[in-house]
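Below: one structure, written as structure tokens.
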Amino acid sequence: MARHSSFKSGSWIADIGNRADAQQAMKGGATASWIVAAINIALGAYILFAAPDAAKTFGITGAAIFDGVCFGIIGIFIWRYSFISAWLGLVFFSLEKVYQWVTQPKALVGIFVAVALWFAFLNGVRGAMALRRFKREEANAPLGTEAT
């Protein structure tokens, strides 16, 4: 189980000290990816099929469905502990939010949700890096010592 840091340690991010913590962090990244996918697909479908004039209100088009599908696929691979997908999720989400705030300066309504999702993607990357480190350590361990 993940150990959460306290105010005393000066860190607000959960510690990743073993394989289970790293896997849990990546599962959180996958969940964040699926949340982004669901929101994009729902808004894109609404704009595309129900209210074409709503594109001006939300500042997006029906092409958000494609974006949502991409995040859904990325989420599947993060769930399977893909290092590259964890990074893709973080980079794509960051680029999406930068683009949103540049093109829609008044779109700061969802800033708290965006920050929470960004930290989930960041923890997914941290988990992927930790899993990679644990795998290298196991590969470089002397033959007589086995992890329990």
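The values are calculated or read from the model by the stated rules, or taken from the named source; none is laboratory data. Bear in mind the structure is a predicted one, so any value in this text is a computation, not a measurement. Cβ: placed from backbone, ideal geometry, glycine included. Neighbour counts: every protein chain shown.
Numerical summary
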| quantity | calculated |
| --- | --- |
| Residue within the stretch 4-26 that is at pLDDT below 85, in contact with a Leu (Cβ under 7 Å, 6 or more places away or on another chain) and over 28 Å from LYS135 (Cβ atoms) present | no |
| Tally of residues being hydroxyl-bearing (Ser, Thr, Tyr) and loosely packed, with under 14 Cβ neighbours inside 10 Å across the stretch 34-60 | 1 |
| Among (1) closer than 19 Å to MET129 by Cα; (2) at pLDDT below 90; (3) of a type outside the set (Asp, Glu) - the single one THR57 does not satisfy | (1) |
| Selection count where residues are under 16 Å from ALA64 (Cα atoms), modelled with pLDDT under 90 and loosely packed, with under 14 Cβ neighbours inside 10 Å, scope the stretch 83-103 | 3 |
